Amino acid sequence: MKKVDVKVCMGTTCFVMGSSNLQKLIDVVPRKFKDNVEVSGMACLGMCSSSGEYSKAPYVKVNDVVVQEATIDKVVEEIERQLNEH
Amino acid sequence: MSTNSIHLKKEILVRIVKAFFSENFEKQARLIPYDMRPKGAEVPFRCCIYKERAILKDRVIAGLGFAIEDDDETVSLSEYAEKSLERKEPEKNPLTVLGAACKACVPKRIHVTDLCQGCVARPCVSTCKFGAIEIVNGHSVIDSTKCKACKMCINACPYNAIVKVAVPCEDNCPVNAIEKNEDGTAKIDFDKCISCGRCVSKCPFGAVHEKSQLIEVLKLLKAEKELTLMFAPAVVGQFPGTIGQLKSAMKKVGFTHVYEVAQGADVTIKNEAKELEERLEEGQDFMTTSCCAGYNQFTKKHLPEIEQYKSDTKTPMYYTAEIAKKEHPNAINIFVSPCVAKKQEAFENENVDYVLNTAELGALFIGLQIEIANCEDEEIENEPSKQGRNFPVSGGVAEAVKFRANCEVCPSVINGLNKDSIRLLKKYAQNGKCDDGNLVEVMCCDGGCIGGNATIADERTAKKLIKTILDNSKDIEKEETKENATKQ
Ligand code: SF4
Ligand code: SF4
Ligand code: FES
């Protein structure tokens, strides 16, 4: 089974724009996907700084795919999409 | 609020900060709705792009610190921006309702559903004392201009066809300060309103806005004035990083001096513990806390009977501002917290000049591209106690007083002002007695200040962040016991 690595940006911009409330992923994901998916927080991914890009924060990386204006639902959807690809 | 409207509100604040520091504030302010919904953009929420832009414009008006209700649609955002620069004082009533977003909510509270059978008996028509119900095409219809929402018809209908529709702001206002205008928009009665901010958080469309004082602060920052920023203990739960990093980040924004309001909370703890001892000794049955700005407005406007049982001790903001003023008499004092009621408290305190909320502080960090994690973890002087830092979590204030006081303290915690807890407080006031404890902690917001209307992080995240800080903080010293005091 493919492994999915989820990185939630905890930089200031993402945190303020909503990643502070994505911590629930840490509960939701293991319940739903068991060991296939790993979630962790990380420092600024560097996507927020170019002009206007802060408005698309918070960012979450699901393997190589960047989810913008991330919500729990959007992230879970992307995880499912990637798991089903294989 | 929905995640969408929270995101929108924050994005607008960042755009105002960016516009302010741009070459041409007025022009950039005018363009905000167009930048957010450019020509050909998707229209995610409303019927058309024009409506979306109109609503965004209204949100910017509030962000610039004006009442949306006063807008007559002919004044452009650049004129508002200009006016905001000239404004001498922030506007008083701290909230404003965005009519265009609000109208999307139910226009009337009593609604006839399709279950209506158009029955022959028509008990609804006959029970309505206001003649508001008519049968049209075999279906009962309520004239909303006559309806007084008495709910008699709901009980009268044998098919349960009539329902009361939830109006989130109105249903959640603890003091009935919200009414719907005839055009369906909500209106706040500021004689009753205690600025608890519940309507701000509960409206799904984010239609209730704070009138921001962001422009006032931006002007001071640009003029490089000597500024003191006092941050409430709840703020720590709203941003990543350590307290030292947070303080350096605030200084990077341009605040000259930064104070933890937990420092003032320590004074509150000491005074309140002493006061409780004295009052109990005098035979008083209970005392309530007095640090919540919403509760203080509540007692003043709606329950003066309880004021004699309320502690006379001042709030952490009060003491912090006093200390800061003494240490930096020429600086302008700015307070930041997740709470709109503090704006009202500040109007009455000559040592506090302006109030920001945490979302606005966040917008300053984003707009000025300050990454807290990259800021220096500065040394903390005058470190406040663990108990002082735990003030924003429901139960924290009572626990602190209990820890410090030299008498038996039995806390009873009111976690959020609502109709039920108000009933309880009324009972205590009437009887002069409280069976649930001798120290009643009252927090207007659910969860305490970390449940305030302008929070960034949810309660759980905030608690976790605060706990990390508490684990590394020292206890406040206990009051001397009487024996010790006489021994010395
Ligand atoms: S909750 Fe209140 S303010 Fe929000 S849309 Fe409904 S009526 Fe208007
Ligand atoms: S701020 Fe609180 S008291 Fe004022 S109208 Fe809103 S819910 Fe009611
Ligand atoms: S803070 Fe998330 S990309 Fe910069």
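What three numbers, in Å, describe the spread of the alpha carbons of chain B along their principal axes, ordered from the longest?
Largest to smallest, the principal-axis extents are 89, 63, 36 Å.
List the chymotrypsin sites (Phe, Trp or Tyr not before Pro) in region B:1-100 that DSSP assigns to loop (not H, G, I, E or B) and whose Cβ has at most 10 other Cβ atoms within 10 Å. Which are they?
Sites meeting the loop and neighbour criteria: none at all.
Percent antiparallel among DSSP beta bridges with both residues in region A:4-84, to the nearest 5?
The antiparallel fraction comes to roughly 50 percent.
Taking every DSSP beta bridge with both residues inside chain B, roughly what % is antiparallel (nearest 5)?
Percent antiparallel among DSSP bridges in chain B is about 40.
Pulled fully out, how much extra length does the chain show between residue B:176 and residue B:328, if you take 0.36 nm times their separation in residues and subtract their Cα-Cα distance?
Taking residue B:176 through residue B:328 to full extension adds about 50.5 nm, to one decimal.
So the label point goes 7 Å from the Cα of residue A:27 along Cα→C-beta, right? Which residues of region B:440-480 then have their backbone N under 14 Å from it?
Residues B:458-464 fall inside that zone.
Under a cut-off of 19 Å between alpha-carbon atoms, report the lysines in cross-link reach of residue B:251, not counting same-chain residues fewer than 8 places apart.
Cross-link targets: B:18, B:219, B:222, B:225, B:325.
Karplus couplings for region B:124-131 from phi (6.51 cos²θ - 1.76 cosθ + 1.60, θ = phi - 60°), rounded to Hz, Gly and Pro as x?
Working through the residues one at a time gives 4, 4, 6, 6, 5, 6, 9, x Hz.
Take B:145, B:288 and order them by how many other Cβ atoms sit within 10 Å, fewest up front.
Starting with the residue having the fewest Cβ neighbours, the order is B:145, B:288.
Hey, how many Å between the Cα centroid of region A:65-86 and the Cα centroid of region B:31-104?
34
What trypsin sites (Lys or Arg not before Pro) in region A:1-40 are in a loop by DSSP, with at most 14 other Cβ atoms within 10 Å of the Cβ?
Within region A:1-40, the qualifying trypsin sites (Lys or Arg not before Pro) (loop, at most 14 other Cβ atoms within 10 Å) are A:2, A:3, A:24.
Where in region B:38-123 are there GluC sites (Glu not before Pro) that are in a DSSP coil and have at most 15 other Cβ atoms within 10 angstrom of their Cβ?
B:42, B:73, B:91
What's the Cα-based Rg to Rh of the protein assembly as shown, Rh via Kirkwood?
Ratio of gyration radius to Kirkwood radius: 1.00.
Got a sec to turn the phi values of region B:254-268 into Karplus ³J(HN,Hα) couplings, 6.51 cos²θ - 1.76 cosθ + 1.60 with θ = phi - 60°, whole Hz, x for Gly and Pro?
Taking θ as phi minus 60°, the curve returns x, 7, 6, 10, 10, 10, 7, 5, 4, 4, x, 4, 4, 5, 4 Hz for region B:254-268.
FYI, it's all coordinate maths here, none of it is from the lab. Values in this document were obtained by computation on a predicted structure and should not be read as measured data. Reconstructed Cβ throughout: ideal geometry from the backbone, glycine too, with neighbour counts over all protein chains shown.
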